[in-house]
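Participant: Before anything else, here's the structure in question.
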Amino acid sequence: MINVVDLSKEYGQVRAIDGLSFDVQPGIVTGFLGPNGAGKSTTMRCMLGLDTPTSGSATIDGQPYRQLKNPLTKVGALLDAKATHPNRAAKDHLKWIAQANGISTKRVDEVLELVGLSAVAKKKTGGFSLGMGQRLGLATALLGNPEYLILDEPVNGLDPEGIHWVRTLLQNLAAQGRTVLISSHLLSEMAQTAEHLIVIGRGKLVADMPMAEFIRSHSATTVRVRTLEPAELAVTLKRAGITFSQELDDLNRPSFVIPDVSSDEVGKLAFENHIALLELAEHRASLEEAFLQTTGDAVQYQATTMNNTQLEGDK
Ligand code: ADP
């Protein structure tokens, strides 16, 4: 198990993570989610002994990473897929790491095969696309056949087929009893991959729950209805125990707003009670929107996106 206990990290005035506590369980894929700048990489670097926490601890099997005997055979990590020598061939890059860590070089061909890079094993990594770089990063993480995998944005730069492939690979590795932690700033990327979610916003824990529960609690639907017979609809809804509010819509027309029901339910109820409807519309809050709201970063995120666009425009 990975245990993070009251972990904080400050860089000068910046508090990158602030009193984080959570566990990562074996046997499932755990998603580590938060908007850009939330503190995911800092947390992972602390887990991997690449950063020293200001306070608190992160341990793997009860030990800090730096005290592990053969760390690569215990923990596989992907932090920066670009961390390869551009003039070195993919296979040589892996061989070099294997030799330095007492791992059989036979394993190099196995992992190249596993990540689908066998055909380009002799090509220099400098010419690799972002997606190929990610695959090589995964191959490096898997080299020591580790029990733990800590991967920062592993599907970044992969096409839909690549994402599907990583998803299946990680789920299979978890099913073998390994502990798999993957970070992402996109909930949509994680929704089908992770079984459990740890969400952080501005360095603090926001949610630690099963993915299904997170989705359920953040994807409420609202139905908007306009009818020729508002009094009858109000009575019918009350009788069915459905709560609603009556509001003016954006064109100033009287309408009913009904939370937590489907349009099917409302449509059926109206039909059975001979109530003529003029409009029946279902609104589902975007999961991504809800996630950004949860992390308190909706505004900051939009501002960043705008700045990026402006910067690109300035070039
Ligand atoms: P995420 O991985 O969620 O995008 P990071 O862990 O990279 O977030 O960053 C969290 C915060 O810490 C950000 O405000 C970032 O600017 C800051 N930060 C991260 N690394 C450093 C560093 N080496 N020096 C100064 N500030 C840093």
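The values are calculated or read from the model by the stated rules, or taken from the named source; none is laboratory data. Just so it is clear, the structure is predicted and the values come from calculations on it, not from any experiment. Cβ coordinates were reconstructed from backbone atoms using ideal geometry, including for glycine residues, and neighbour counts include every protein chain displayed. In case anyone asks, the SASA skips ligands and DNA or RNA and just uses the protein heavy atoms, side chains included. Shrake-Rupley method; radii C 1.70, N 1.55, O 1.52, S 1.80 Å.
Participant: Residue pairs, Cβ under 7 Å, 6 or more apart or interchain, first in the stretch 45-58 and at negative phi, second acidic (Asp, Glu) and away from the ligand (no atom under 12 Å from the Cβ). List them.
Facilitator: Listed by first residue and then by second, the contacts come to Ser55/Asp6.
Participant: Can you tell me which residue in the stretch 1-34 is nearest to the ligand (Cβ to nearest atom), limited to those that are outside any strand (DSSP E or B) and open to solvent by 30 Å² or more (accessible area, probe 1.4 Å)?
Facilitator: Result: Gly12.
Participant: For the stretch 175-222, how many residues meet the condition of being under 13 Å from the mean Cα position of the chain (by Cα), small (Gly, Ala, Ser) and over 19 Å from Ala141 (Cβ atoms)?
Facilitator: Qualifying residue count for the region: 4.
Participant: Scan Glu229, Glu189, Glu247 and give me the residue that is within 16 Å of the ligand (Cβ to nearest atom) and either at pLDDT below 90 or in the same structural domain as Phe271 (by TED's automatic domain parsing) (or both).
Facilitator: Step by step, each of Glu229, Glu189, Glu247 is checked, and only Glu189 is within 16 Å of the ligand (Cβ to nearest atom) and either at pLDDT below 90 or in the same structural domain as Phe271 (by TED's automatic domain parsing) (or both).
Conditions (1) of a type in the set (S, T, N, Q); (2) surrounded by fewer than 18 Cβ atoms within 10 Å (Cβ to Cβ); (3) in a helix (DSSP H, G or I), marked per residue:
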position	(1), (2), (3)
Gln99	yes, yes, yes
Asp109	no, yes, yes
Glu113	no, yes, yes
Lys122	no, yes, no
Gly137	no, no, yes
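Participant: Moving to a separate point now. I'd like the full set of residues that are open to solvent by 40 Å² or more (accessible area, probe 1.4 Å) and under 17 Å from Ile28 (Cα atoms), limited to the stretch 197-208.
Facilitator: Scanning the stretch 197-208 gives a single hit, Asp208.
Participant: Moving on. Could you tell me which of the residues Ser217, Ser255, Ser245, Ser263 is touching a Lys or Arg at 6+ places or on another chain (Cβ under 8 Å) and of a type in the set (Gly, Ala, Ser)?
Facilitator: Answer to the selection: Ser255.
Participant: Quick check on my filter: what residues within the stretch 139-156 are within 15 Å of Val75 (Cβ to Cβ), away from the ligand (no atom under 16 Å from the Cβ) and surrounded by 19 or more Cβ atoms within 10 Å (Cβ to Cβ)?
Facilitator: Thr140, Ala141, Leu142, Leu143, Gly144, Pro146, Tyr148, Leu149
Participant: If the requirement is being open to solvent by less than 20 Å² (accessible area, probe 1.4 Å) and either without any contact (Cβ under 8 Å) to a residue 24 or more places away in the chain or of a type in the set (Val, Ile, Thr) (or both), which of these qualifies: Ile182, Ile163, Ile215?
Facilitator: Just one listed residue meets the conditions, Ile182.
Participant: Also: In the stretch 241-280, which residues are among the acidic types (Asp, Glu) and open to solvent by less than 40 Å² (accessible area, probe 1.4 Å)?
Facilitator: Hit for the stretch 241-280 is Asp249, nothing else.
Participant: Could you tell me whether the stretch 62-81 includes any residue that is under 27 Å from Ala290 (Cα atoms), open to solvent by 30 Å² or more (accessible area, probe 1.4 Å), more than 13 Å from the ligand (Cβ to nearest atom) and not polar (S, T, N, Q)?
Facilitator: Checked against the condition, which is being under 27 Å from Ala290 (Cα atoms), open to solvent by 30 Å² or more (accessible area, probe 1.4 Å), more than 13 Å from the ligand (Cβ to nearest atom) and not polar (S, T, N, Q), the stretch 62-81 yields no hits at all.
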